Amino acid sequence: MKSKDDPINVFLPKFRTEEILEEIRICLNKGWTGMGFKTNEFESSWSDYTGLNHSHFLSSNTVGLHLSLEIFKIRYGWKSGDEIITTPLTFVSTNHAVLYSGLKPIFADVDDTLCLDPSSVINKISEKTRAVIFVGMGGNAGRLDKIKKICSDKKIKLILDAAHMAGTYVNPENPAHVGHEADATIFSFQAVKNLPTADSGMICFKNVKDLNLCKKLSWLGINKDTFSRTSTTGSYKWDYDVPHVGFKYHGNSIMASIGLIQLKYLDEDNQRRNDICQLYDHLLSDESKIMKIETSDYTHKSSRHLYQVFLHELPRQKILNNFYKNNIFPGVHYKDNRNYQMYGPIQDLPKVEYYSDRIISLPLHLNMSDSDVEKVATCLLGIIRTNE
Ligand SMILES: *Cc1c(COP(=O)(O)O)cnc(C)c1O
């Protein structure tokens with residue numbers, strides 16, 4: 001039970017417990033908890049929901065980012081040390097994936113949507129550029145349409161880190177779920193994302209040949225999966241070949257069961273997130289010191305994974321410390337990755353540096369009541385006034 005003294009955290013997932021347990025029970029009773037069965041069902045439900053046809057269920061978004069690069073390396077002959085243009089304003093998974101594959105991250109600047117700035121991307125393109133990884137920050141699609149055009153003009157791949165984008169729709173003239181733009185789009189169903197399971201993710205490809213290789217690489221490089229070897233003929237066919245050194249990256253039927261139930265509520269849940277954001281907008285609208293992140297014309301409906309604000313002058317740590325005293329725990333998405341030993345030095349990207357020092361993610365989740373939202377907003381306004 002929720003009490004009024006509970007802390008208000010930046011995230012707290014909500015699960016339809018009974019319905020999920022019923023779905024998991026089906027797997028346990030059948031004796032099939034691994035890949036196949038519910039993972040197949042979830043892949044087709046996800047494809048129906050998004051319109052992205054070539055989907056494969058994985059154990060996380062991180063492994064999907066890595067797989068996309070491994071697949072493109074094999075299929076398009078990339079070499080170690082080839083360059084991938086990416087953002088430093090992201091969760092480290094995005095950039096770790098580039099290092100896992102022996103490729104070189106080249107950092108570009110963001111614009112006021114906190115997504116990659118097309119003009120900065122153009123400046124970073126070289127002979128060795130093979131792909132751009134675009135992160136849809138907080139569900140915002142930024143200038144993804146422009147980035148797509150740049151990638152097709154320059155004949156480089158576009159990978160979309162859609163960890164925040166389950167339920168983001170783009171292109172107001174002809175709305176569609178985000179992801180059709182990219183050669184590979186990777187969603188996260190980690191515990192605090194918009195479609196929470198515990199840990200899992202989905203990769204969707206433009207090209208079915210990339211999907212077919214992905215199915216092998218996510219299952220150790222084996223050329224047939226156990227479920228189809230077992231279920232299509234009724235008898236277990238033990239023999240297979242291993243054409244690649246693949247990975248153990250596929251998803252399982254327990255996670256897929258959770259995902260199948262959560263997917264039914266995704267649009268409804270994102271609508272509630274949107275209502276919370278509008279309430280924040282309304283409550284904070286009179287305070288001109290609180291700045292908001294821009295959305296782009298290309299974004300039709302954001303998944304509203306985050307509600308981010310920034311203040312020009314007041315030091316962020318001071319604001320956060322005041323929140324903590326009131327039992328409110330906002331987040332920061334994200335610290336410029338070049339602060340980390342793996343990724344320095346910090347240079348040349350003024351917007352990344354500016355926002356990295358200032359952005360705050362206010363609590364936003366489905367267990368919040370309107371009065372929780374009011375409490376957070378009142379607290380922020382109070383902090384600003386006492387520091388004037
Ligand atoms: C959460 C997140 C990831 C990693 O997702 P996992 O499913 O936890 O591996 C990658 N990129 C971004 C932007 C994220 O927020």
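The values are calculated or read from the model by the stated rules, or taken from the named source; none is laboratory data. Predicted model only: the values in this text are computed from it and were never measured. Positions of Cβ are backbone-derived with ideal geometry, glycine not excepted, and every protein chain shown enters the neighbour counts. Side chains are part of the model used for accessible areas, which takes the heavy atoms of the whole protein and leaves out ligands, DNA and RNA. Shrake-Rupley method; radii C 1.70, N 1.55, O 1.52, S 1.80 Å.
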Residue among 11, 15 that alone is in contact (Cβ under 8 Å) with a residue 40 or more places away in the chain, open to solvent by 50 Å² or more (accessible area, probe 1.4 Å) and either over 27 Å from residue 159 (Cα atoms) or out of contact with any helix residue (DSSP H, G or I) (no Cβ under 7 Å at 6 or more places or on another chain) (or both): 15
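For every residue, the table says whether it meets (1) in contact with a strand residue (DSSP E or B) (Cβ under 8 Å, 6 or more places away or on another chain); (2) within 16 Å of the ligand (Cβ to nearest atom).
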{"position": "34", "(1), (2)": "no, no"}
{"position": "38", "(1), (2)": "no, no"}
{"position": "52", "(1), (2)": "yes, no"}
{"position": "60", "(1), (2)": "yes, yes"}
{"position": "90", "(1), (2)": "yes, yes"}
The range 340-373, residues that are open to solvent by 80 Å² or more (accessible area, probe 1.4 Å) and in a helix (DSSP H, G or I): 350, 357
Tally, over the range 169-189, of residues that are touching a residue at least 60 places away in the same chain (Cβ under 8 Å), part of a loop (DSSP other than H, G, I, E, B) and either touching a His at 6+ places or on another chain (Cβ under 7 Å) or over 16 Å from residue 142 (Cβ atoms) (or both): 5
Residue identified as of a type in the set (A, V, I, L, M), under 30 Å from residue 333 (Cα atoms) and within 16 Å of the ligand (Cβ to nearest atom) among 176, 182: 182
Qualifying residue in the range 198-213 (condition: in contact with a Gly (Cβ under 7 Å, 6 or more places away or on another chain), within 20 Å of residue 68 (Cα to Cα) and either open to solvent by 50 Å² or more (accessible area, probe 1.4 Å) or part of a loop (DSSP other than H, G, I, E, B) (or both)): yes
Cβ-Cβ under 6 Å pairs, at least 6 apart or on other chains, the range 108-137 side within 20 Å of residue 302 (Cβ to Cβ), far side of a type in the set (Asp, Glu) and buried (at least 24 other Cβ atoms within 10 Å of the Cβ): 133/161; 135/161
Top-ranked residue in the range 152-173 [being open to solvent by 10 Å² or more (accessible area, probe 1.4 Å) and of a type in the set (Ser, Thr, Tyr); ranked as nearest to the ligand (Cβ to nearest atom)]: 169
Residue, farthest from residue 94 (Cα to Cα), within the range 323-366, restricted to residues that are touching a residue at least 60 places away in the same chain (Cβ under 8 Å) and basic (Lys, Arg): 351
Test: residue in the range 371-383 that is under 19 Å from residue 289 (Cα atoms) and small (Gly, Ala, Ser): yes
Hits in the range 39-49 - residues which are open to solvent by 10 Å² or more (accessible area, probe 1.4 Å) and either within 18 Å of the chain's Cα centre (by Cα) or touching a residue at least 40 places away in the same chain (Cβ under 8 Å) (or both): 40, 41, 43, 45, 47, 49
Lone unmet requirement of (1) more than 16 Å from the ligand (Cβ to nearest atom); (2) surrounded by 24 or more Cβ atoms within 10 Å (Cβ to Cβ) for residue 149: (2)
Selected residue (criterion: farthest from residue 141 (Cα to Cα)) from residues of the range 270-317 that are in contact with a Cys (Cβ under 9 Å, 6 or more places away or on another chain) and open to solvent by 20 Å² or more (accessible area, probe 1.4 Å): 304
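Going by the conditions given, is residue 324 in a helix (DSSP H, G or I) and open to solvent by 10 Å² or more (accessible area, probe 1.4 Å)?
Numbers: in a helix (DSSP H, G or I): yes; open to solvent by 10 Å² or more (accessible area, probe 1.4 Å): yes.
So residue 324 passes the test.
Table: residues versus (1) touching a helix residue (DSSP H, G or I) at 6+ places or on another chain (Cβ under 7 Å); (2) within 16 Å of the ligand (Cβ to nearest atom); (3) without any contact (Cβ under 8 Å) to a residue 40 or more places away in the chain; (4) within 24 Å of residue 76 (Cβ to Cβ).
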| site | (1), (2), (3), (4) |
| --- | --- |
| 191 | no, yes, no, no |
| 205 | yes, no, no, yes |
| 224 | no, no, yes, no |
| 244 | yes, no, no, yes |
| 254 | yes, yes, no, no |
| 267 | no, no, no, no |
Qualifying positions in the range 217-269 - open to solvent by 60 Å² or more (accessible area, probe 1.4 Å) and charged (D, E, K, R): 224, 237, 239, 241, 248, 264, 267, 268
